[in-house]
Amino acid sequence: MNRRKRMIDGLDQEIHDHIEREVEENLDRGMSPEEARRAALRKFGNVARVKEDTREVWTAVWLEQLVRDLRFGLRTLRKSPGFAVVAIFTLALGIGANTAIFSVVDAVLLRPLPFPQSDRLATIWGTHSKLHETQRPLSYPDVVDLQKMNTVFENVAAYDEGSATLTGPGEALHLNGARVTANMFSLLGVSPILGRGFVPGDDRAGNYAVVLSYGLWESQFHGDPSVIGHSVEIEGRGYTIVGVMPRDFTFPLDSDPPKLWITFSALATPINGQKPESEKRGSHFLAGIARLKPGVTMAQANQDTEMVGRWLTKEHPDTNKYLGLRAMPALHALVGDVQRPLYILLGAVGLVLLIGCANVANLLLARTTGRRREAAIRSALGATRGRIVKQLLVESGLLSLGGGACGLLIAMWGTELFARIGADQIPRLAGAQLDARALLFTFVAAVGTALLFGIAPALHLSRADQTEMLKESGRGTGQSARQNRLRSLLVVSEIALATILVTGAGLLVKSLLNIENVNPGFNPHGVITYTVDLPDSRYPKPEQAARFFRELFERVRAIPGVESTSGTVPLPLSGDVIRTSYEIEGRPLGNHDSPHVHLRAVGLDYFRTMEIPLLQGRVFNAGDTTGKTDLVIVNKKLVEEMFPGEDPIGKRIKPGISTNGKAPWREIVGVVGDVKHQGLDRGDTPECYVPEDQIGFSSMSGVVRSNLEAGSLVPAIRAAAKAIDKDVPIYAVKTMDDYVAQSVTLPRLDSTLLAIFAGLALALALIGVYGVMSYGVAQRTNEIGIRMALGAQRADLLQLVLRQGLGIAVLGVVIGTAGAFGVSQLLAKLLFGVPPGDPLTFAGVSAALVACAMAACYVPARRAMRLDPMTALRHE
Amino acid sequence: MSTRERKQRIELLQGTLDLLILRTLRLGPAHGHAIAKAIEFGSADVLQVEQGSLYPALHRLIKRRWISVEEGTSENNRRAKFYRLTARGRRQLVIETGKWDKLATAIGRILQPSEQEAES
């Protein structure tokens, strides 16, 4: 446009000068002034037209053509609104679903972490060679040594998450918080907007500094800048507010972001004369993060990290015998688990869009019949083939842009729905929205789609022989065999793609049903849970915590409507684990390593409240308190592994847990059923339960079985807690059913969406089959009439049509099954109790698809059968 | 200027004007009026070029990058746009000339077969 303006600028002047020169020449030749001007103008020609012609040289011809094509396209589509609506709706579904999944994939997987140069951040994990674990937490001394020994990182930091009770002027608040090493904020490259971050001295014993999140600063401190230097009480200890982080800063990047950050200084303080936690190499509770030095690759960093891990094993064989370290990209560490399900969904919607394209292409092909004369006339009038193809593609573009626009509505709704269902389980999902990137994706998808479904019909139409077409009567006879082949081919591929999707969805749904049918080992219905953390500073002794919880549970039990109540830590399906090694009395370890066991502390009545079956022996009772015999109840799995064929009751084991630094031998008094603590799809592990009264954990989750709603029960529980200690909040109120549902959120989301996409695919493919078959019948009306006249039975005709449909369906299903077999290998990791090549699913899906395809053929087949022979014969 | 002269003039074939412009500019840059004069003069006034049609043609050639345009001062110190042949245009001139020769020969053969036969 600019070039055009520049070139045409001065044209008037140039023409004026030109004529003046001619006039002067004429005057020189001796003409009179008027004659000279007249002659010059005559010789020049029509000035206005010259200007116009010159301007036209610079006009974008393609743009004008495009506008013309658009107008023509709109007119054509308006003339067949039925076709336009079906096509646009199909495309809207396909493009919309793709945009929705894309915006989720983009937000969760593709976008960089919200820190400067986040691709240089590595997550450090511990490994355990014997247990084949690769994502273990680290111990504080190991992190310190990695920081000192490595050659690849600028800095190594560590953190853990937890919750803390903040006591201030108002009611005690229970907040998510994170403990971080003092170098964390500088490593991430984010500075506070107010005050300072942590400095090296902050993590030494005796220094208590807290950095607030922007949200907490605003809500609790009214955004007052003078809070810096003030003191707040966290977990009963005075902390000085040193800084406030920016509004959009969050770390760790979990769905439930921390509201404040403190250092590990409290852990550096010896408690009860024991070694401080930060010096225990056997105490693994940290997540590590590191920033790579410039020029160091992630692979080099991992190698070096592994080397430090091996060195630690050599230096500290007692604690680090099987332990190692590894580094991986921080983004991948965060989203690695959801990568596969999300990409599978993206692939699935892609297939749906492909099927949609095939369908619209089929519709377009059917329309070409009517438009062949139009194309022939245009071509006879001098339109080139390219011009005709372009015009038809513009029409396809109109359809698919229309589809894209409507698809945005579907995408908006879909993204929101997805985010609502999965936000708890998928990191960063809350950030999924239709932004510029998603819009760009939609546009590209729409244009690509238009090319995909438009090109074949357009080429097909433009290739047709002009004279043949002009001669044709335009009644749809003389259809080229080529077009029929093309249409059948499209339908075959639709069925094949649908087979792949339905098979994949079938496998996932079957897997989900398997998971949901797993018996969790307890009865989650009607159980409400809550959590209470006691500040160590006011409950330093285990007996004090135990007393608090005993009293709390008694008060809750007294609430009218409560059937039974107790408490445990950790709560089943909450994701928390206490894992420890243990010994069995009378079995020297020899060369063997001590076995591991998951340990839980429980209150009285726990097994009754949760309805965990007692298989042998007895449960704990009120007499089992500290100072008496130390007791333990084990699960069935532990008995099967360690006491096969023996009576475990009365035997003694020693789990590595104590109240005073020396783990006692504990007598087995009972055996209970296995409980799916880690997840419904996990195997059973050896478990042992110890009485809270003999452990005194300062954090417990209460469980309440009652017929009351949470809404009426919770205030009563709050009141009960407050009556004992007004500064102890209860939080994380959820039903046990919530925990169960949450544990299957991801598989359910995945299989539900895949099932929806498969349903769409199937519907589209069947529409395709129906379309081709009814078109075929309409085309063969004449032939059918002749067959009838020659004595064909109606059943023969039905068979004739069905056989053709069956051919298409079987071919598609066979190809699709082969494809599905390949695709199912990708699903293998997501499947529970279903082999990826599950013959039942494959056979069922194949049979169902053929049956559905036959049903889609039946309607046109019956139409063929019912044709009146006389009408059919006369049909031209 | 008389009727006799005008009768002998012939109109240009479509596209030949481009060729003539390129040929004219081979001698050096020129402004629009000079090009028109050169064509008239070169053809001994036989070719009737409506001078205005020069301008769309010039712009077409610019668009194809066969000629370029620059500001300059004409012989009598007036500012004017000067058109100049580009390297591409020079190449194109060779091609177009070759084409024209072929066309002329072919048409000549059709129109005067007898003469050719007689000559041979």
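The values are calculated or read from the model by the stated rules, or taken from the named source; none is laboratory data. The structure displayed is predicted, hence computed values, not measured ones. Neighbour counts run over all protein chains shown; Cβ positions are idealised from the backbone, glycine included. Surface areas here come from the heavy atoms of the whole protein model, side chains and all, with no ligands, DNA or RNA. Shrake-Rupley method; radii C 1.70, N 1.55, O 1.52, S 1.80 Å.
Here are A:Arg49, A:Arg37: which of them is within 23 Å of B:Glu75 (Cα to Cα) and either surrounded by 17 or more Cβ atoms within 10 Å (Cβ to Cβ) or not aliphatic (A, V, I, L, M) (or both)?
A:Arg37
Enumerate the pairs (first residue in the range A:5-30 and within 9 Å of chain B (Cβ to nearest Cβ); second residue anywhere and open to solvent by less than 60 Å² (accessible area, probe 1.4 Å) and part of a loop (DSSP other than H, G, I, E, B)) with beta-carbon separation below 7 Å, excluding pairs fewer than 6 apart on the same chain, so at least 6 apart or on different chains.
Taking only residues 6 or more apart or on different chains, the pairs are A:Met7/A:Trp58; A:Ile8/A:Trp58.
Restricting attention to the range A:316-344, report how many residues are free of Cβ contacts under 8 Å to residues at least 60 places away in the same chain and surrounded by fewer than 13 Cβ atoms within 10 Å (Cβ to Cβ).
Total meeting the criteria: 2.
Before we move on, is A:Gly403 out of contact with any helix residue (DSSP H, G or I) (no Cβ under 6 Å at 6 or more places or on another chain) and either modelled with pLDDT of 85 or more or under 30 Å from A:Arg68 (Cβ atoms) (or both)? It would help to see each step written out before you state the result.
Numbers: out of contact with any helix residue (DSSP H, G or I) (no Cβ under 6 Å at 6 or more places or on another chain): no; either modelled with pLDDT of 85 or more or under 30 Å from A:Arg68 (Cβ atoms) (or both): yes.
Answer is no for this residue.
Find all pairs meeting these conditions: Cβ atoms under 6 angstrom apart; at least six residues apart or on different chains; first residue within the range A:735-749 and closer than 15 Å to A:Asp337 by Cβ; second residue open to solvent by 40 Å² or more (accessible area, probe 1.4 Å) and modelled with pLDDT of 90 or more.
Nothing qualifies.
Scan A:Ala36, A:Ala92 and give me the residue that is within 14 Å of chain B (Cβ to nearest Cβ) and at pLDDT 90 or above.
Working: A:Ala92 fails: within 14 Å of chain B (Cβ to nearest Cβ).
Going through A:Ala36, A:Ala92 in turn, the sole match is A:Ala36.
Do we have any residue at all in the range A:144-163 that's surrounded by fewer than 17 Cβ atoms within 10 Å (Cβ to Cβ), among the basic types (Lys, Arg) and modelled with pLDDT of 85 or more?
Yes, the conditions are met somewhere in the range A:144-163.
Considering only residues that are in a loop (DSSP other than H, G, I, E, B) and open to solvent by less than 20 Å² (accessible area, probe 1.4 Å), which ones fall in the range A:523-539?
Passing the criteria: A:Pro524, A:Leu534, A:Pro535.
Count, please, the residues in the range B:48-79 that happen to be at pLDDT below 85, touching a strand residue (DSSP E or B) at 6+ places or on another chain (Cβ under 8 Å) and open to solvent by less than 40 Å² (accessible area, probe 1.4 Å).
2
Quick check on A:Thr499: is it under 30 Å from A:Leu175 (Cβ atoms), open to solvent by less than 20 Å² (accessible area, probe 1.4 Å) and hydroxyl-bearing (Ser, Thr, Tyr)?
In short, no.
Identify the residue in the range A:56-80 that is within 14 Å of chain B (Cβ to nearest Cβ) and open to solvent by 90 Å² or more (accessible area, probe 1.4 Å) and, among all such residues, is farthest from A:Glu22 (Cα to Cα).
Applying the filter and picking the extreme gives A:Trp62.
Condition first: among the aliphatic types (A, V, I, L, M), within 12 Å of another protein chain (Cβ to nearest Cβ) and touching a residue at least 24 places away in the same chain (Cβ under 8 Å). Now tell me which residues in the range B:44-66 satisfy that. Working first, answer last.
Of the range B:44-66, the ones among the aliphatic types (A, V, I, L, M) are B:44, B:46-47, B:49, B:54, B:57-58, B:61-62.
Narrowing the set further to residues that are within 12 Å of another protein chain (Cβ to nearest Cβ) leaves B:49, B:54, B:57-58, B:61-62.
Residues satisfying the conditions are B:Val49, B:Leu54, B:Ala57, B:Leu58, B:Leu61.
Name every residue in the range A:644-664 that is β-branched (Val, Ile, Thr) and in a loop (DSSP other than H, G, I, E, B), in order of residue number.
Residues of the range A:644-664 that are β-branched (Val, Ile, Thr), as a first pass: A:649, A:653, A:657, A:659.
Result: A:Ile649, A:Ile657, A:Thr659.
Do we have any residue at all in the range B:71-87 that's part of a helix (DSSP H, G or I) and either away from every other protein chain (no Cβ under 12 Å) or touching a His at 6+ places or on another chain (Cβ under 7 Å) (or both)?
yes
Go through B:Leu20, B:Leu25 for me and flag whichever is open to solvent by less than 20 Å² (accessible area, probe 1.4 Å) and away from every other protein chain (no Cβ under 12 Å).
Working: B:Leu20 fails: open to solvent by less than 20 Å² (accessible area, probe 1.4 Å).
Only one candidate passes the filter, namely B:Leu25.
Any residue in the range A:856-876 that is in contact (Cβ under 8 Å) with a residue 12 or more places away in the chain sitting within a Cβ distance under 6 Å of a residue that is among the basic types (Lys, Arg) and open to solvent by 80 Å² or more (accessible area, probe 1.4 Å)? List the pairs, counting only those 6 or more apart or interchain.
A:Met865/A:Arg794; A:Glu876/A:Arg475
Residues being acidic (Asp, Glu) and closer than 22 Å to A:His284 by Cβ: count how many of those fall in the range A:140-181.
4
Counting residues that are under 22 Å from A:Ala366 (Cα atoms) and in contact with a Cys (Cβ under 9 Å, 6 or more places away or on another chain), which helices (runs of 4 or more DSSP H) fully inside the range A:728-825 reach at least 3?
Result: A:745-779.
Please determine whether any residue of the range A:418-427 is within 20 Å of A:Ile756 (Cα to Cα) and free of Cβ contacts under 8 Å to residues at least 60 places away in the same chain.
yes
If A:Ala40 passes every condition in (1) hydrophobic (A, V, I, L, M, F, W, C); (2) in the same structural domain as A:Val23 (by TED's automatic domain parsing); (3) under 58 Å from the mean Cα position of the chain (by Cα) but one, which one does it miss?
Just one mismatch for A:Ala40, condition (3).
Looking at (1) free of Cβ contacts under 8 Å to residues at least 60 places away in the same chain; (2) farther than 20 Å from A:Glu235 by Cα, which one does A:Ile515 not meet, given that it meets all the others?
(1)
Tell me which of these A:Glu395 doesn't satisfy, since it passes every other one: (1) part of a helix (DSSP H, G or I); (2) open to solvent by 20 Å² or more (accessible area, probe 1.4 Å).
(2) is the only condition that A:Glu395 fails.
Just checking: which of the strands (runs of 3 or more DSSP E) contained wholly in the range A:540-643 hold 1 or more residues that are farther than 30 Å from A:Val744 by Cβ, touching a residue at least 60 places away in the same chain (Cβ under 8 Å) and within 42 Å of the chain's Cα centre (by Cα)?
Hits in the range A:540-643: A:579-584.
So A:Gly73 passes all but one of these: (1) in the same structural domain as A:Leu393 (by TED's automatic domain parsing); (2) within 25 Å of B:Glu40 (Cβ to Cβ). Which condition number does it fail?
Every condition holds for A:Gly73 apart from (2).
For residues in the range A:209-248 being of a type in the set (Phe, Trp, Tyr) and surrounded by fewer than 20 Cβ atoms within 10 Å (Cβ to Cβ), which is modelled with the highest pLDDT?
This residue is A:Tyr214.
Being part of a strand (DSSP E or B) and open to solvent by less than 10 Å² (accessible area, probe 1.4 Å) is the filter here, so list the residues in the range A:665-700 that pass it.
A:Arg666, A:Ile668, A:Gly670, A:Val671, A:Val672, A:Glu687, A:Cys688, A:Tyr689, A:Val690, A:Pro691, A:Met700, listed by residue number.
For the range A:811-832, check the following and say yes or no: at least one residue is open to solvent by less than 70 Å² (accessible area, probe 1.4 Å), at pLDDT 90 or above, of a type outside the set (A, V, I, L, M) and more than 23 Å from A:Ser511 (Cα to Cα).
So far as the range A:811-832 goes, yes, one or more of its residues are open to solvent by less than 70 Å² (accessible area, probe 1.4 Å), at pLDDT 90 or above, of a type outside the set (A, V, I, L, M) and more than 23 Å from A:Ser511 (Cα to Cα).
Which residue, of A:Pro595, A:Pro588, is surrounded by fewer than 13 Cβ atoms within 10 Å (Cβ to Cβ) and within 22 Å of A:Gly282 (Cβ to Cβ)?
The match here is A:Pro588.
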